[in-house]
Amino acid sequence: MALCGVYQILCTENNKSYIGSSVNVDQRFREHRSHLRRGIHRNPNIQNSWNKYGENAFQFNFMLECDLDSVRVFEKMMIDDIKPEFNAFGIDPENSLLSPSYETRKKISETLTGRKHTPEHNAKISLGLMGNSGPKGHIASKETREKMSIAHKGKGGCPGYRASIETREKLSRARRARDYKRIYGANNENYEFEFKE
């Protein structure tokens with residue numbers, strides 16, 4: 001059963017800590033460890049200490065079990081009490097950091113409206129896109145295109161492939177039968193379609 005509550009990540013080498021909360025603390029611990037081991041943790045202070053002191057210098061402690069409605073309040077109380085060094089931004093018990101208010105969204109919109117890239121930035125974007133063909137990505141070289149052409153020759157459904165006369169006749173019959181059913185209805189009493197050779 002998932003434990004909902006407040007937890008601490010403690011670096012024993014420098015006694016710096018992080019306080020967090022989760023509806024599933026065990027899963028959250030696994031996520032923290034996974035990100036730290038791969039060097040992609042979103043908190044650079046924790047990641048730097050992990051890289052410097054190693055995994056053995058870290059403790060993952062479950063601090064308090066509580067219900068979902070009060071977990072953020074208890075997290076804030078512990079942050080205010082312990083003042084952990086790894087909590088750079090503190091916490092907002094109302095969760096407004098996760099979903100900005102209308103006023104905040106409006107301020108952000110007003111700030112970004114009319115904002116344009118500098119010519120230097122546009123040049124960098126242009127340089128980064130050179131050699132790309134839209135969303136498909138890199139344009140293959142002539143040699144690569146020739147190899148792909150050779151690899152696809154003789155395979156059905158590829159450009160340049162021509163079905164045999166027998167196959168084309170079968171496809172034509174199937175298409176005519178399908179069209180007949182669509183026009184006259186498959187349940188029609190007079191439904192009787194004969195292929196004429």
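For the range 47-66, does any single residue satisfy the condition of being at pLDDT below 90, among the charged types (D, E, K, R) and under 29 Å from the mean Cα position of the chain (by Cα)?
no
Ser96 passes all but one of (1) closer than 26 Å to Val71 by Cα; (2) among the hydroxyl-bearing types (Ser, Thr, Tyr); (3) surrounded by 10 or more Cβ atoms within 10 Å (Cβ to Cβ); (4) at pLDDT 60 or above; which number fails?
(4)
Restricting attention to the range 102-113, does a residue exist that is charged (D, E, K, R), in a helix (DSSP H, G or I) and at pLDDT below 80?
Looking for residues that are charged (D, E, K, R), in a helix (DSSP H, G or I) and at pLDDT below 80, one finds at least one in the range 102-113, hence yes.
I need the full set of residues from the range 2-37 which are in a helix (DSSP H, G or I) and more than 27 Å from Asp69 (Cα to Cα), in order please.
At the first step, the residues of the range 2-37 found to be in a helix (DSSP H, G or I) are 25-37.
Result: Ser34, His35, Leu36, Arg37.
Yes/no matrix, rows are residues, columns are (1) among the hydrophobic types (A, V, I, L, M, F, W, C); (2) touching a strand residue (DSSP E or B) at 6+ places or on another chain (Cβ under 7 Å):
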{"position": "Gln8", "(1), (2)": "no, yes"}
{"position": "Tyr18", "(1), (2)": "no, yes"}
{"position": "Ile40", "(1), (2)": "yes, no"}
{"position": "Glu55", "(1), (2)": "no, no"}
{"position": "Gln59", "(1), (2)": "no, yes"}
{"position": "Glu75", "(1), (2)": "no, yes"}
{"position": "Asp81", "(1), (2)": "no, no"}
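What tally of residues in the range 55-69 results from selecting those that are surrounded by 11 or more Cβ atoms within 10 Å (Cβ to Cβ) and not in a strand (DSSP E or B)?
The first filter runs over the range 55-69 and keeps only residues surrounded by 11 or more Cβ atoms within 10 Å (Cβ to Cβ), leaving 57-66.
Applying the additional criterion that residues be not in a strand (DSSP E or B) yields 57, 66.
Count: 2.
The values are calculated or read from the model by the stated rules, or taken from the named source; none is laboratory data. Quick caveat, the model's predicted, so the values are computed rather than measured. Cβ atoms come from the backbone with ideal geometry, glycine included; neighbour counts cover every protein chain shown.
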